[in-house]
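Contents: one structure, followed by commentary.
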Amino acid sequence: MKKIFKKAAFVSLILASSSSISNAQMTLTGELRPRFEYLHGYGSPSDTLKKSSQFIIQRTRLNFGYKADNFKTGIVLQDVRVWGSQSQLNLGDGGAAFGMHEAWGEYSFNKKTSMKMGRQELSYDDERMLGGGNWNQQGRSHDAFVLKYNDSTFTANAGLAYNQNTAYTVGTAYSVLKSYKEMQYLWLNKQMKSLNVSLLVLNVGQQSLAAVNSTRYVTTIGTHTEYKAKPLYAGLNFYYQIGDDIAGLNGKIRTVNAMNFAFDAAYTVKEKITIGLGYEYLSGQSGTDTTTAYKLVNHAFNPFFGTNHKFNGFMDYYYVGNHINSCGLQDISVKLKYKVEKWNLALDFHQFMAAADVLDSKELVKSGQYKAMNSSFGSEFDLTFGYNLTGGVGIVAGYSHYLPTETLGIVKNVKDWKGDGRVDQTSNWAYVMITFKPNFLK
């Protein structure tokens, strides 16, 4: 009960303060985003024992901003819950997640240089490596310090983060799941008329599984390049990873050597119809190379903090909490979109393949030979419809269908009674999402 009173008092304080602060200094906006989802084979091929799932999950945010002459602050309160996860007359949070999504302050030394610290979203370029993860209702934010420089055509950001379980008096062991111990990055961006070029150096330190208070680092170096000259768009990504894997092999340190390459292009006809083509390669670990020298290297690329839902199909089979340290991925995509003033319709097609050999375990048992399965993972179709109502209300609906292969069933460990990868079940996903964005000071 005390927690609820504290939350209510804090929100009331923000609302009350709005009457004494001018609109030019303060912003107070919100977001309510309920989403209905139907899932049957979402994230992995459907099995005979898997029943479909339906639920409504809602995100509610209150965004408070304040700006003075040389500093500004941002606070984002967030509540994420599944409808019905709390009992009636509930005294606790139940299945809800209420918390501080952002809480940062930024001080400007001059018109070009500033520093920003606190809990904040880190979003750069197309968000392949650093993104806010906005599709997930909870989103992604970091406790970080960022030094910024920006002029009319050049931007530089240098950031760092250091995380701990609690305020230790002894030691620095870190055990928070789905997080990292420390992180440093440098992002440089140059805009040249139709060309936009970025360089990213990202260093992520994670707690070693072999030694307490020890950190192992993986460094990602790469570039994102965009060319925009209506009606043509072209984008290129290249990232290379090196470092030490957090998991060793037979008492030896396992190194990292991986890469990501992507190219996409789009052409817009009469500002309404857009046709896009793309290819992405994320390196993976081969299941047929059994040499010690090969296994002592992790060849699987990790997109770390990317907004991965926007890549590789909306059914999230790849790199959305899964497929890390696996056989990698190749993705050939064709995208069509029709957009007018208030609504849009899009159809995406993806053909997926493994980037490294997937071991044919049945052949290994039969002949003792390490042979690869067919590299195809199957294909996915994503249909999306969006409509903007007046007054800051938007509706988005979608339907996705996945056609898996036996190879994908083996990789995802979804098998039939014979031990073959299952392909005979329908795998699909549908959703309807409504977003309200009120501005409380207007």
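Readers should treat all values here as calculations from the given coordinates under stated rules, not as data from a laboratory. Computed from a prediction, not measured in an experiment: that's the story for all the values here. Here Cβ is always computed from backbone atoms with ideal geometry, including for glycine, and neighbour counts include all displayed protein chains.
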Could you point to the residue in Gln25, Phe109, Thr426 farthest towards the positive end of the chain's charge dipole, with +1 and -1 charges on the Cβ of Lys/Arg and Asp/Glu respectively?
-> Gln25
With θ set to phi - 60°, apply the Karplus curve 6.51 cos²θ - 1.76 cosθ + 1.60 along the stretch 143-148 and write out the HN-Hα couplings as whole Hz, x wherever there is a Gly or Pro.
-> 8, 8, 10, 10, 9, 10
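Among 430-436, 247-253, 306-312, what's the highest-first ranking by average C-beta atoms within 10 angstrom per residue?
Details: 430-436: 17.0, 247-253: 11.6, 306-312: 20.7.
Highest mean packing first, the order is 306-312, 430-436, 247-253.
Exceeding 19 Å between C-alpha atoms, which entries from my cross-link table qualify? They are Lys342/Lys437; Lys295/Lys412; Lys51/Lys418; Lys116/Lys228; Lys72/Lys190; Lys230/Lys270. Please list the in-between numbers first.
Values: Lys342/Lys437 16 Å; Lys295/Lys412 21 Å; Lys51/Lys418 21 Å; Lys116/Lys228 30 Å; Lys72/Lys190 25 Å; Lys230/Lys270 10 Å.
As for pairs spanning more than 19 Å Cα to Cα, those are Lys295/Lys412; Lys51/Lys418; Lys116/Lys228; Lys72/Lys190.
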Put +1 on the Cβ of every Lys and Arg and -1 on every Asp and Glu Cβ in the chain; which of Gly278, Ala293, Gly65 then has its Cα farthest towards the positive end of the dipole?
-> Gly65
So how much slack lies between Val269 and Leu199, counting 0.36 nm per residue of separation and subtracting their Cα-Cα distance, in nm?
-> 22.1 nm
Taking the dipole about the Cα centre of the chain, with the C-beta of Lys and Arg at +1 and of Asp and Glu at -1, give me whichever of Gly391, Thr407, Thr225 is farthest to the positive side.
-> Gly391
Can you tell me the order of 280-286, 109-115 when each peptide is scored by its average per-residue count of other Cβ atoms within 10 angstrom, highest first?
-> 280-286, 109-115
Once label points are set 7 Å from the Cα along Cα→Cβ at both Val393 and His40, what is their separation, rounded to one decimal in nm?
-> 3.1 nm
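Given the peptides 38-45, 167-174, arrange them by the average over their residues of other C-beta atoms within 10 Å, most packed first.
Values: 38-45: 20.1, 167-174: 10.9.
Highest to lowest by the protection proxy: 38-45, 167-174.
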Taking the simple approach of a point 7 Å from Cα along Cα-to-Cβ for both Asn163 and Asp151, what is their distance in nm?
-> 3.6 nm
Express in % the proportion of alpha carbon pairs of the stretch 22-436 at distances exceeding 35 Å.
-> 36 percent
Helix 2-17: inclination vs the chain longest Cα principal axis, degrees, rounded to 10, gives 50 degrees
Go through the stretch 312-324 residue by residue and turn each phi into a ³J(HN,Hα) via Karplus (6.51, -1.76, 1.60, θ = phi - 60°); whole Hz please, and just put x for glycine and proline.
-> 6, x, 7, 7, 6, 6, 9, 6, 10, x, 7, 6, 6
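Counting Lys and Arg as +1 and Asp and Glu as -1, each charge on the Cβ, what is the dipole of the stretch 126-186 about the Cα centre in debye, to the nearest 20? Please report the intermediate quantities before stating the final value.
Numbers: 5 positive and 5 negative charges, 36 e Å.
Once rounded to the nearest 20, the dipole reads 180 debye.
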Determine, for Arg254, Arg128, the number of other Cβ atoms within 10 Å of each Cβ, and report the residues in order from fewest to most.
-> Arg254, Arg128
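Charges only on Cβ, +1 for Lys and Arg, -1 for Asp and Glu: so what's the dipole of the stretch 22-436 about the Cα centre, in debye to the nearest 20?
Working: 40 positive and 35 negative charges, 109 e Å.
Magnitude of the dipole: close to 520 debye.
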With +1 on each Lys and Arg Cβ and -1 on each Asp and Glu Cβ, and nothing else charged, work out how big the dipole of the stretch 163-299 is about its Cα centre, in Debye to the nearest 20.
-> 260 debye
